[in-house]
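Let me begin by presenting the structure, written as C-alpha cells, before commenting on it.
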Amino acid sequence: MTVRALLHRWHRAMAARPAWTLGATGLLLVLLGLLCSRVTLEKDVGALLPDGPGSPREAARLLGEFGALNTLVLDLEVPGTTRDELAERGAQLADRLRRSGAFSEVYTGPSTRQMLAVGRVVLPRRLYLLPDPAAELERRLEPSRLKESLTALRAQLASPQAFAMKGELLKDPLGLNRELLGSLGGMAGDVEVHRGQLLSRDGKHLLLATTPRQSALDTHASAALLVALAQEEAQLAPGPGGPAVLRAVGGPRFATESAASVRFDVVLTMLTSAAALLALFFARFRSLRLLLLASLPLGFGMLCGIGATVLLQGHIHALNLAFGAVLIGVAIDYPIHLLNSASVHGAEPLERMARGLEDTWRSMWLGYGTTVFAFAALYASSFPGLRELAVFGGAGLTAAFVATLVLLPPLCARWGPKTLPGIPTWMPGLQQRSLGPWLASAFTLVLLVGSVVAVRSLKFDGELRNLDAQRPETLAEYEEVLARFGLRSSGSLIITRGRSAEEALRRNDAVAEALRGLEEGAKGSAPGGIGSILPALSTQAERARRLATLDVPAARARLAEVATGAGFSSTAFDGFWQEVEAVRDGEVPPLEAKDLEGTALEPLLQRLLRCTPAGCIAVTPLQSATPAQAEALSRSLPEGALLLDGGTFAARAVAELPRQLMLLSGLGLLLNTVLLGFAYRSLRLALVACLPCCLGMLGTTALLALLDIPLNLVSASALVLVLGCGVDYGIFVLQQLSGSEPTSPVESTGVLLASITTLAGFGTLVLASHRALQSLGVAVGLGILISAAAALFLLPGLTQALHPRSVRTSTGGTP
C-alpha cells in the first residue's frame, strides 16, 4: 500500500469520526502548549553571536557581574532647594530604597568617617601607589615644580582649618596627597561630596548609584522596580521651585523597554499577518472557515518549533520567537497549494481534497524538502542564533507539513464549504504576461550580471546596538545624566584572571604598566583600574625597593635649600623623609584589600576585584576603543590579560558574515540541487527550479547595496531562507509546465497566493520598532517578491529556451 493510499484511508476514518478527530487534535495542541509554557525568553542580542573566551557574550556577562549592566543610576532634582536640603532629601530617599529590599546596594557617597578612613589607611602608604616612587620624587624635586608645590602648601597653611592639620600638611611638601586624592575622586566622576551625598557641581542634582537585587535581564523584576520608583517620585515633596523629579537610567531601564518593544512587535506582526491572511482567504476562497482550518497546521508549526527548541536548549531568543510571524507566511503555503488545487475539482468534499492532494503531492514534498534543507544549512553556522533558528524553523515547518497532509483533508471535508470558487478569471491573463524565451534569457542575464556587480558595494553592519530596540530619547537621557555628574560609561574591559587575588592583581599591574607604555591616543581613556588603589603585594615590594635608588640625603638637601628660601625651616619636612625611609626599609606594611574595608574606596574595590572558589578577576575599565585602538591594545597586553570590547568583538564576528553567507547559501543551493536533480532525474531542470531563488537572493543584496542599506546578522540569515522558500515557486511552476495542460493557471495561482501570504508574514515585520525585525522583513520580503516574479514571468520562457528533453517524463510520476 502506498503512502497516499494509507493517508486516504486515514482521512476517511477521521472524517467519519469528527468528535474523536477534534478531541485528539485539541489534546495534542494542549500538550504542546504546556511544553511551550516552560520556555525562557532570551533578550540579549549578544546571545546571537558565538560564545567563548573574549566573546561579546562573555563581555556582557562580565559587565553584568561587575555592575555596569545592572547599575541603575538615579538623578534626584528638587528645584529651589539648597545643598543642605537636597542632601537631606537624598539621604531620606536612599534610606527608603534600602529598606524596600529591592536593592543589593544603594551608594550615596562617602561619609566623613569613610573619608577620614581613606586618609588614615591610604595616605601613609601613598608611595606604594606610585608606579616608580623614586623617579616621581625626582621629578617633583625639579625647581619649578618644587616652588609651585611649596607655594600651594603655604596657601593651605594660611587657611583657618590648617591649625589642627599642620603636622599632616607638612608631611606633603611635594603635593602627593592633592594629586592622589584628586585621582581617586575622579574615579567617582565630577561630583561634589556634601554631607555624605554626591551632588552635581551646580548643586541642583543628587546622584544615587544603585544595584538592584535582580538582574537587569529579569525584565519582569526590572519593570516592577521602575514602577516602584515612579511611585516613589510621585510621593516626593515638591521644592520651592517646582515638583521633585527622579530620573532612573541604566541597564534595567534599557532591558525593560527593549522587552516591551519586542512583545509589542510580536503581537503587532502576528495580528497584521492574521489580518492579511483573513483578507486573502476571503478574497480567494470566500470562506473564513477555511482560514480557521488552514491555521491548524500553523498552530502545530509554532508550538512544535518552540517545543523542539525548549527540549534542546531550554530557551529561545526573542528575535527567533518573532520569527513565528514569518512562519505564518511560509507554513501556510502548504494548505494554500492543497486548497487551491482542490478548488478545480467538482467531486464531493473528501474526494475533492484527495484529488487536490494527488495533484500537489510531489511538488509539496519537494518544496518541503528544499525548505528544510535551507534550515539544515543554517545549522552549520557558528552563530548560535542561526542554529537556534534552524531548529525552530525546521521543526515548525515539519510539523506544519505533516499536519497539512494528515489533518487538513478530513477537517476541510467535514467542516469546510461544500463548494469552492474556481481559479480567478484574471489569472490566465496575468500568466500570459510571462516573457518569451529569448527576452527572458536576456533579462535574466542582465539581472545576474548587474546583481553581481552591485553586490560588491554591499555593506555589513556589525554594531549590535543597531539591532536593539533602545529608544533614542532614553539614550539621550542616559547620556545627559552621565554628563551631569561627570560619569564615563566604560564600554571596554581589560580583565586579568588568577587563582588568587594576589595573582590577578599582579597581572593587572602588568596591564597598567603596558598601558602606560603606549603612546597617547593608542588606547581608550581609562577611568582607573583596581591597580590605582590596590597594587599587588609583590608590586608594592618592588616599588619600595626602587626607593633605594633615590639619594635621600641629596634629595633632602635640595628640598631644604628651596624650602628655606620660601620661608620654611630646614627641619620642617623631616616627617616626610622619615616616611620615605620607612617605606624603603619595609617598615610600613603594604596596602591590602582588608585595609580598605569601611573606607570610601570599599565599593570601588568590590566592583573591580571579584573572587570566587574558581579564582579571581581584576578589572581595568576603559572607554570604548576604536577597532584600531583595540587592536593596538590587544597586541600590547601581557600574557593572562584579555581585552573585552563588545563593539570590536561584534564587528569581528559579523565580519564573518560575508564568508558564512556564501558558505551557507552555497550549501543550501547544493542540497536543493541534489534533491531536485535526483527527483527530476535532470540536472538542467534542477538548476531551472533553483534559478528564481538565486535571482531573489542576488537581487535582494543588490538592491540593499544600491539603497545603501547595510546587511546585519539578522538580515543575512534571512537571505539563506530565501533559498529554501523561493525554490518552491520554481518547483510548482515547473509542475505546471510539465503537466497535461501547461497553460493551466492552477499552479501559478498557488505560487501567487503563496508569495502574497509569505509577504504578509515577512512584510509585517517592517512595522516593528525593533530594528533587527525591520531588517528581517525588508531582506526576506524583497527576496520573496523577486523570487515569485522570476518564477511567474521568467521561468516559462527560460524553460522553453533550454528545451529540456522529456520535461513531462522528468517531472511527472511518483517519487
Here's a check for you: in segment 753-776, which residue that is more than 16 Å from S715 (Cβ to Cβ), among the hydrophobic types (A, V, I, L, M, F, W, C) and open to solvent by less than 30 Å² (accessible area, probe 1.4 Å) is nearest to the chain's Cα centre (by Cα)? A760
Restricting attention to segment 325-379, and to residues there that are part of a helix (DSSP H, G or I) and acidic (D, E), which single residue is farthest from the chain's Cα centre (by Cα)? E351
I need the full set of residues from segment 94-123 which are part of a helix (DSSP H, G or I) and either loosely packed, with under 14 Cβ neighbours inside 10 Å or under 36 Å from the mean Cα position of the chain (by Cα) (or both), in order please. A94, D95, R96, L97, R98, R99, S100, T112, R113, L116, R120
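Listed residues L802, L737; which is more than 29 Å from L271 (Cβ to Cβ), touching a Pro at 6+ places or on another chain (Cβ under 9 Å) and at pLDDT below 80?
L802
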Can you tell which of L246, L226, L199 is without any contact (Cβ under 8 Å) to a residue 60 or more places away in the chain, among the hydrophobic types (A, V, I, L, M, F, W, C) and in contact with a strand residue (DSSP E or B) (Cβ under 7 Å, 6 or more places away or on another chain)? L226
Residue pairs meeting the criteria (Cβ under 6 Å; at least 6 apart or on separate chains; first among the basic types (K, R), in segment 137-160; second surrounded by 13 or more Cβ atoms within 10 Å (Cβ to Cβ)): R140/L174
Has segment 671-684 got any residue that is charged (D, E, K, R), in contact with a helix residue (DSSP H, G or I) (Cβ under 6 Å, 6 or more places away or on another chain), at pLDDT 80 or above and not in a helix (DSSP H, G or I)? yes
Working carefully through the options A216, A237, A209, A221, find the one that is buried (at least 16 other Cβ atoms within 10 Å of the Cβ), aliphatic (A, V, I, L, M) and assigned to a loop (DSSP other than H, G, I, E, B). A216
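Scan segment 562-576 residue by residue and report those that are surrounded by 13 or more Cβ atoms within 10 Å (Cβ to Cβ) and either without any contact (Cβ under 8 Å) to a residue 24 or more places away in the chain or closer than 13 Å to P133 by Cβ (or both).
S570, D574, F576
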Return a yes/no flag: does segment 136-151 have any residue that is surrounded by fewer than 18 Cβ atoms within 10 Å (Cβ to Cβ), in a helix (DSSP H, G or I), at pLDDT below 85 and among the polar types (S, T, N, Q). no
So which helices (runs of 4 or more DSSP H) stay within segment 484-597 end to end and still have 2 or more residues that are in contact with a His (Cβ under 9 Å, 6 or more places away or on another chain), at pLDDT 90 or above and farther than 30 Å from R201 by Cβ? none
For the condition in contact (Cβ under 8 Å) with a residue 24 or more places away in the chain, open to solvent by 30 Å² or more (accessible area, probe 1.4 Å) and either β-branched (V, I, T) or under 18 Å from K418 (Cβ atoms) (or both), what is the one hit in T398, T371? T398
In segment 436-463, which residues are buried (at least 16 other Cβ atoms within 10 Å of the Cβ) and either without any contact (Cβ under 8 Å) to a residue 60 or more places away in the chain or of a type outside the set (A, V, I, L, M) (or both)? S441, F443, T444, S451, F460, D461, G462
For segment 466-479, does any single residue satisfy the condition of being modelled with pLDDT of 80 or more and in a loop (DSSP other than H, G, I, E, B)? no
Unique match (being touching an Asp or Glu at 6+ places or on another chain (Cβ under 7 Å), buried (at least 17 other Cβ atoms within 10 Å of the Cβ) and polar (S, T, N, Q)) among S258, S273: S258
What is the one condition in (1) in contact (Cβ under 8 Å) with a residue 12 or more places away in the chain; (2) closer than 14 Å to L792 by Cβ that G429 does not satisfy? (1)
Before we move on, is P50 closer than 26 Å to E592 by Cα and either crowded, with 18+ Cβ neighbours inside 10 Å or modelled with pLDDT under 90 (or both)? no
Taking the options R253, R247, R263, name whichever one is open to solvent by 40 Å² or more (accessible area, probe 1.4 Å) and part of a strand (DSSP E or B). R247
Does T40 count as hydroxyl-bearing (S, T, Y), within 30 Å of L644 (Cα to Cα) and either modelled with pLDDT under 90 or surrounded by 17 or more Cβ atoms within 10 Å (Cβ to Cβ) (or both)? yes
Just to be sure before I move on: is T21 at pLDDT 85 or above, touching a Pro at 6+ places or on another chain (Cβ under 8 Å) and closer than 25 Å to L296 by Cβ in the structure I sent? yes
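The values are calculated or read from the model by the stated rules, or taken from the named source; none is laboratory data. Computed from a predicted structure; not experimentally measured. Quick reminder, even Gly has a Cβ in these numbers, built from the backbone with ideal geometry, and neighbours come from all protein chains shown. Accessible surface is based on the protein model in full, side chains and every heavy atom, while ligands, DNA and RNA are left aside. Shrake-Rupley method; radii C 1.70, N 1.55, O 1.52, S 1.80 Å.
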